[in-house]
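The values are calculated or read from the model by the stated rules, or taken from the named source; none is laboratory data. The model shown is predicted, which means the values in this text are computed figures rather than measured ones. Don't worry about glycine lacking a Cβ; one is built from the backbone with ideal geometry, like all the others, and counts go over all protein chains shown.
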Amino acid sequence: MAAEHSPNGPELDVCVTGGMVRGVHESSSRFWRGIPYAAPPVGERRFRSPSPVVPWEGIRDAATFGLAAPQTLPKRIRPASAPARNGEDCLTINVRTPLVSPSSGALLPVMVFIHGGGYSMGSSSDFSGQGEGFVQSGRVVYVSFNYRLGALGYLDFSRYSSPERPFDSNLGLRDQIAALHWVQENIRQFGGDPHQVTVFGESAGGNAVTTLLAVPSARGLFARAIAQSAPPDAIYRSAVTEVWAVEFLTNLRRIMHQPEPIEGTDTNPGERARIQHLLSTAKTADLVTACVQLQVHTPDAYPGAFCLAPVVDGALLPEEPIVAIRGGRAHKVPLIIGTNDREGSIFRGKIDILPRSEARIRALFGPAPSDAQLQMRAAYPGLPGRRPAADFAGDYGFWYPSTQIADSHSKFAPVYVYRFDFAPRLLKLVGVDATHGVEMFALFDHVDAPLARTMTALGGGEPYARAGRRMREYWLQFAEGGALSESWPPYTEQSRKTLIIDEIDHVATDPRRERRLAWSSFLMKL
């Protein structure tokens with residue numbers, strides 16, 4: 001490990017792409033935070049693919065996290081953990097290693113976590129970015145990073161590109177690939193094995209994982225993948241994303257008190273130049289505000305769609321991941337994929353983004369023939385009542401497309417499927433049960449966090465923690481490349497063996513078969 005002597009000990013000074021960084025000791029691990037993995041995406045680099053790291057002089061302090069990507073949400077949907085420090089210079093990465101290295105001197109497997117947050121919020125400084133529970137096992141090196149969010153990372157303005165002012169697509173996805181390249185180039189310096197990288201993420205981070213499987217330029221950057229509560233279908237073609245770009249620009253012009261665009265934007269050089277100037281010079285806060293307005297508008301205007309998502313651009317992402325996986329063109333790496341019992345129950349009120357209202361369900365049902373609609377209503381008795389609507393919406397966004405990924409990928413590589421069913425008593429009483437994200441505090445050993453303590457206030461704290469420990473052990477075994485416990489058999493399209501993680505884990509065969517068949521029939525007839 002390259003190092004220089006320092007008051008903190010020579011092992012904390014590490015040479016990486018760009019220069020030297022100095023980490024810190026924390027409990028039973030070492031931590032390096034806020035290391036640049038790409039140049040600041042500001043000025044002429046705004047809306048451009050990540051550029052190489054800008055070198056620095058001397059030893060860079062790596063004791064604190066870098067800025068989170070720009071984000072702000074209305075108070076009605078702002079999470080308590082929303083980062084206070086954010087800015088466009090956000091492309092930084094963090095590494096955590098065990099305090100005691102393996103006695104053999106062997107390199108450790110690497111776990112790279114991609115945070116969630118709907119591609120509009122969150123950061124690597126969230127509790128999941130710490131990775132203490134994983135690293136304290138002494139078995140892995142843990143990596144987390146920030147990437148561009150919102151309009152700066154997940155809206156497609158490439159239609160307004162020109163040789164003089166290019167705009168690239170899929171910027172957040174490109175950032176993730178750049179971070180994985182950084183891992184390949186530098187992780188040996190931290191005792192990590194670049195040939196044993198497991199990429200994993202939850203929610204939008206899970207979508208990132210299933211998308212990376214289909215990105216040709218990501219080949220060789222990871223050996224295994226874990227997708228937790230992913231919405232794999234949240235991938236759109238340019239015909240759709242171009243509409244969202246226009247709606248965003250309309251919002252931005254109003255915020256900045258600028259005139260509406262003239263006709264022929266794509267063919268009128270003057271108008272295109274004005275849009276380029278607008279996007280290049282707008283204040284970060286105005287970009288974020290215009291994006292929030294688009295997010296609020298999208299669920300009703302486009303039921304079932306997420307306006308912040310990767311785009312099939314024909315270059316970086318040639319086709320939808322599920323299409324690539326079905327055709328055997330995705331990366332044939334082992335995969336863990338799963339969802340929680342009732343993903344959709346939390347998406348109401350402040351975070352009402354799923355197709356669970358009567359109007360949104362009616363819009364989705366519209367193109368389907370009556371027999372397919374009847375089969376779907378039989379699978380969700382009482383639809384559009386509150387509980388069946390939540391389950392319909394959660395299955396639409398998360399569960400059913402995840403089963404499609406599992407079915408197709410299992411033909412080419414080992415796949416393990418899970419469902420997290422454990423819910424503390426309070427969550428059952430309020431009717432959300434094991435909803436979206438509920439496993440995260442347990443998995444990351446943060447059961448003492450305020451929200452986790454609230455969830456377990458009426459009991460269930462210890463079995464919740466045990467479920468998280470078992471889940472973490474599965475993840476560690478997977479990252480190490482060894483066989484998973486015999487209690488979790490591989491998934492095939494014929495058997496559909498699924499590990500149910502609950503107070504007592506067990507394996508189910510083709511759980512929710514009726515719902516799966518209803519979705520298959522419904523979507524086939526659209």
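Is one or more of the residues making up the range 465-483 more than 24 Å from the chain's Cα centre (by Cα), within 22 Å of residue 226 (Cβ to Cβ), at pLDDT below 95 and of a type in the set (A, V, I, L, M)?
Quick first cut of the range 465-483, residues more than 24 Å from the chain's Cα centre (by Cα) only: 466, 482-483.
Among the residues that remain, those that are also within 22 Å of residue 226 (Cβ to Cβ) are: 466, 482-483.
Pick out the ones that are also at pLDDT below 95 and you get 482-483.
Still in the list and also of a type in the set (A, V, I, L, M): 483.
Within the range 465-483, one or more residues are more than 24 Å from the chain's Cα centre (by Cα), within 22 Å of residue 226 (Cβ to Cβ), at pLDDT below 95 and of a type in the set (A, V, I, L, M).
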Would you be able to tell me the number of residues in the range 473-526 that are outside any loop (DSSP other than H, G, I, E, B) and of a type in the set (S, T, N, Q)?
5
Considering only the range 159-171, I want to know if a residue exists there that is of a type in the set (A, V, I, L, M), in contact with a Cys (Cβ under 6 Å, 6 or more places away or on another chain), surrounded by 24 or more Cβ atoms within 10 Å (Cβ to Cβ) and part of a helix (DSSP H, G or I).
no
Residue, nearest to residue 125 (Cα to Cα), within the range 138-158, restricted to residues that are in a loop (DSSP other than H, G, I, E, B) and not charged (D, E, K, R):
146
Return yes when residue 377 is surrounded by fewer than 21 Cβ atoms within 10 Å (Cβ to Cβ), charged (D, E, K, R) and farther than 30 Å from residue 129 by Cβ and no when it is not.
yes
Here the residues within the range 206-248 that are of a type in the set (A, V, I, L, M, F, W, C), farther than 30 Å from residue 183 by Cβ and free of Cβ contacts under 8 Å to residues at least 60 places away in the same chain are 239, 243, 246
Quick check: is even one residue across the range 118-130 acidic (Asp, Glu), within 18 Å of residue 246 (Cα to Cα) and in a loop (DSSP other than H, G, I, E, B)?
no
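Yes or no, residue by residue, for (1) at pLDDT below 95; (2) in a loop (DSSP other than H, G, I, E, B):
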site: 423; (1), (2): no, yes
site: 426; (1), (2): no, no
site: 436; (1), (2): no, yes
site: 451; (1), (2): yes, no
Looking only at the range 328-355, and only at residues there that are of a type in the set (D, E, K, R) and free of Cβ contacts under 8 Å to residues at least 60 places away in the same chain, the one that is farthest from residue 210 (Cα to Cα)
348
For the range 346-361, give me the residue count where each residue is charged (D, E, K, R) and part of a helix (DSSP H, G or I).
3
Which residue pairs have Cβ atoms under 7 Å apart, sit 6 or more places apart or on different chains, and have a first residue in the range 505-517 that is farther than 14 Å from residue 375 by Cβ and a second that is surrounded by 15 or more Cβ atoms within 10 Å (Cβ to Cβ) and hydroxyl-bearing (Ser, Thr, Tyr)?
507/498; 508/498; 511/498
Looking only at the range 245-291, which residues are polar (S, T, N, Q) and modelled with pLDDT under 90?
258, 265, 267, 268
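Can you name the residue in the range 196-218 that is in a helix (DSSP H, G or I) and not small (Gly, Ala, Ser) and, of all such residues, is surrounded by the fewest Cβ atoms within 10 Å (Cβ to Cβ)?
This residue is 216.
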